[in-house]
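Just so it is clear, none of the values below were taken in a lab; they were calculated from the coordinates. Quantities reported herein were computed from a predicted structural model and do not represent experimental measurements. All Cβ positions, even for glycine, are placed from backbone atoms using ideal geometry, and neighbour counts span all protein chains on display.
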Amino acid sequence: MLFAGFTVLSNSILAQEVAEKPKAYFSISDSYFQLGSIKEGGSKSVNVTFTNTGKKPLIISNVYTNCGCTEIEYPREPFMPGKSGSLKITYNATEGEGVFSKTVTVYTNAKNNKETIKVEGVVTSK
């Protein structure tokens, strides 16, 4: 009985150690950006600031956009805890006139390993 109690206690402590393992944390300045009006054929960019507020180096492993009209530039190097960087998102107004809403999904090694950023605006005639 004493052995069973010790086993349960040691498993509980081990589970806490695993659960509390330090990680990076991807904190972004904002997840929504209004780009306003863009002339058809033009483009507009926004810089999204991020900070590693975790305890381990932050690595951006991949980014995806929901449209070929949206480009993203992102740093490939690790960001140490407390360090900041930026993502540059550019919308190219090539899909005709009207309202647009696009998303960029950022994948990292952080505790919050997936973050989505939305950019919206209106494409006007030339």
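See the values below:
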| read-out | value |
| --- | --- |
| Cα shape, region 23-124, gyration tensor, a/c 1.5 rule | prolate |
| Segment Cys69-Asn112, extension gain: residue separation times 0.36 nm, minus the distance between their alpha carbons | 12.8 nm |
| Exceeding the 22 Å Cα-Cα cut-off - candidates Lys21/Lys114; Lys39/Lys118; Lys21/Lys88; Lys56/Lys83; Lys56/Lys102 | Lys21/Lys88; Lys56/Lys102 |
| Summed side-chain charge close to Ser29 - residues other than Ser29 whose Cβ falls under 14 Å, Lys, Arg +1, Asp, Glu -1 | 0 |
